[in-house]
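Down below is the structure, laid out as structure tokens.
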Amino acid sequence: MKNLIMVVEDEEAIGLMLKYNLEKEGYDVLVQSRGSRAIADAEKYQPSVILLDWMLPEISGVEICKLIRSKPDIKNIPIIMLTAKGEEEDKVRGLDAGADDYVTKPFSVPELMARVKSQLRRAPEPQTEAELVFEDIRMDLIEKKVFRGDTYIHLGPTEFRLLKMLMENPGKVFSREFLLKNVWGNNIYVESRTVDVHIRRLRRALNQYGQDYIRTVRATGYAIDINPQADTSDDTD
Ligand code: CA
């Protein structure tokens, strides 16, 4: 799974340069030139690291940083602030606002790449546990088998990966775009409707033996939850 780096930068030339260099390092890159959309994008795509320009026309980088730190679903994403040279005071304010690191423009590309890597190393490690458990659903990650109580449930590989993503983050709502990117990967073209099809298969397999814990959040996506809302009308057959 490739790490996604989000760049919030209104200067097109810098945005493109960062995109080019980050992609060369093997990352997926999302450039958002409008600061006002940065929060929504971060929530939707859950990037691994955010490179955040200090000077943006609509809302400052510092304000964005504070907002990100106030939102439970994105507050732990590492943020590297990009700012003009020599503004030492900005550095302090940026770090106060919750930035993890700080790079001054004009920056050297290798240095910035090293900073990105260092933030990725600090990011939470992906699940390495042997087992995931949610209520009566148990995933054996070594044998790649799913059980409900004592009953073995056969799942296709896509359903297995979908369920794993949901069970690693109970209660968290995943957008279809995020699931497509992280369950199917980037290189395959699939439409977001495909997610619904596989969720339906997953439900069908799991729900023969117990309660439906998969929650459909209209216009947003899916979560696994102990109190699924009744909003499943678009997923029933
Ligand atoms: Ca700028």
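Observations, loosely collected:
- Eigen-decomposition of the gyration tensor built on the alpha-carbon atoms of the chain gives equivalent ellipsoid semi-axes of 38, 17, 16 angstrom, largest listed first.
- Here the range 43-105 is treated with +1 on each Lys and Arg Cβ and -1 on each Asp and Glu Cβ, and its dipole about the Cα centre works out to around 160 debye.
- Distant-in-sequence amide H partners of PHE174 (H built 1.01 Å from N, under 5 Å): TYR222, ALA223
- Nearest 10 degrees, 0 to 90: helix 157-168 Cα axis against the chain principal axis: 70
- Note on the chain: dipole from Cβ charges, positive end direction compared against GLY156, GLY210, SER48; the farthest Cα belongs to GLY156.
- Think of each Lys and Arg Cβ as +1 and each Asp and Glu Cβ as -1; about the Cα centre, that makes the dipole of the range 1-130 roughly 240 debye.
- Out-of-range pairs (alpha-carbon distance over 25 Å; input LYS75/LYS164; LYS24/LYS75; LYS19/LYS75; LYS44/LYS145; LYS145/LYS181; LYS117/LYS145): LYS24/LYS75; LYS44/LYS145; LYS117/LYS145
- Residue-by-residue Karplus 3J(HN,Hα) for the range 106-119, coefficients 6.51, -1.76, 1.60, Hz, glycine and proline x: x, 9, 8, 4, x, 5, 4, 4, 5, 5, 4, 4, 5, 5
- C-alpha center-to-center spacing [the range 166-222, the range 1-50] in angstrom: 24
- Per-peptide average of other Cβ atoms within 10 Å, ordering 52-58, 76-82 highest first: 76-82, 52-58
- Between 0 and 90 degrees, the angle of helix 193-207 with respect to the longest Cα principal axis of the chain falls at about 40 degrees.
- Per-bin percent of Cα-Cα distances, the range 49-119 [5 Å]: 3, 18, 30, 25, 16, 6, 1
- Note on the range 169-226: Rg/Rh from Cα positions, Kirkwood definition for Rh, rounded to two decimals, is 0.98.
- Principal axis dimensions, largest first and in whole angstrom, of the range 1-40 by Cα: 27, 23, 6
- Furthest towards positive pole of dipole, ALA84, VAL62, ILE74, structure part the chain, Cβ charges: ILE74
Here, each number is a calculation from the coordinates, and none is a lab measurement. In this text, all values refer to a predicted model and were calculated from it rather than measured experimentally. Note that we place each Cβ from the backbone using ideal geometry, even for glycine, and neighbour counts take in every protein chain shown.
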